[in-house]
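One structure is given below, encoded as C-alpha cells.
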Amino acid sequence: MTETSGRRRADAIANRRAILDAATNVLGESPQATLADIAAAANLSRRTIYLHFTSRDELILAAARDIGEHITARATATPDTGQPLLDLAQFVHANGSAVAKLRRLAGFTTVAGARQELSAATTTARERITALLQRAQECGDLDTRIPPRAGMHIIAAMQWGLFEAVSNNDLSPDEAAATAVRSVLGAVGAHPTTTEKILNQIESAANPQSANTAAPTGQADNARRKPTT
C-alpha cells in the first residue's frame, strides 16, 4: 500500500466514523433530520456521505449496528470478578446509563430493520449474558427454574423497555441505570436484598467520595434464592 492510498483509506475510515457519530447526535436532537443536516454536523459534504451510504435509511441501519457494537464492547469489557451476578449487574448498569444517553433516538429505531441490525450486532453480548446467568445459577445466586437463554431474552426485552420508558419521560435518565439493575436482577430471580447490596457496591465504586460520606445501609442479606417446592 502506497503512502497516498494509505492516507486515503485513513481519511475514509475517519469520515465514516464522523458520519455515524453525527447521525446518532443529530437524529437524537431531530428524528426527521436530513442527510444534509447530518453532513453539516459531520463537517462533510452530502457527496461524501453518499460515498459511504446510498440512502438515509442505510445510514440509520449502519448507525444502529454501530450502537450494537458499542453495547457488545461494554459487555466484553466488563471485568470477570469471579462473581457472575456482580458482573451481570455491572454490564446492565453501564448499559442502562448508555440507554439514557440515547433516549431521544426513539424514532431512530422505527426504521425497518434497525432493531434487527442492533440485535445482530449484540450476539456476543447476549452470549456472555447467557454464560453469566448459567454461572450465577450454579453458584446458587439465581432461581434455577429460569433457563439461562430465556433469561437472556428477558434481559434484552427489558433493555428495550428501559429505552422506551426514558424516551417517553416515564423514567428519569438519572434513574435509568439503577432501575435497570433492579428490574433485570429481579426478573432473573435475584433476592431484592442481594440486588441492593450489589447496586450499592457498583455505585460506591463509581462515586467513592459520596460512598465515604453515605450513611450505612445496614447488613445485607446473603441468603440465596432457592426454588420452592
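The values are calculated or read from the model by the stated rules, or taken from the named source; none is laboratory data. Please read these numbers as outputs of a predicted model, since none were measured by experiment. Every residue, glycine as well, gets a Cβ built from its backbone with ideal geometry; the counts of neighbours run over all protein chains shown.
So here's what we get for this one:
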quantity: Arg47 vs. criteria of a type outside the set (A, V, I, L, M, F, W, C), farther than 20 Å from Glu117 by Cα and part of a helix (DSSP H, G or I); calculated: yes
quantity: Residue in the stretch 86-118 that is modelled with the lowest pLDDT, counting only those that are assigned to a helix (DSSP H, G or I) and β-branched (Val, Ile, Thr); calculated: Thr109
quantity: Flag if Ala121 is more than 13 Å from the chain's Cα centre (by Cα), modelled with pLDDT under 90 and of a type in the set (Gly, Ala, Ser); calculated: no
quantity: Residue match in the stretch 175-182 (condition: over 30 Å from Ile60 (Cα atoms) and either assigned to a loop (DSSP other than H, G, I, E, B) or not assigned by TED's automatic domain parsing to the domain that holds Thr24 (or both)); calculated: yes
quantity: Subset of the stretch 117-132 (residues that are β-branched (Val, Ile, Thr) and either within 20 Å of Ile146 (Cβ to Cβ) or buried (at least 18 other Cβ atoms within 10 Å of the Cβ) (or both)); calculated: Thr122, Ile129, Thr130
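Here's the yes/no breakdown for (1) touching a residue at least 60 places away in the same chain (Cβ under 8 Å); (2) part of a loop (DSSP other than H, G, I, E, B); (3) small (Gly, Ala, Ser):
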| residue | (1), (2), (3) |
| --- | --- |
| Ala33 | no, yes, yes |
| Leu59 | no, no, no |
| Arg65 | no, no, no |
| Pro79 | no, yes, no |
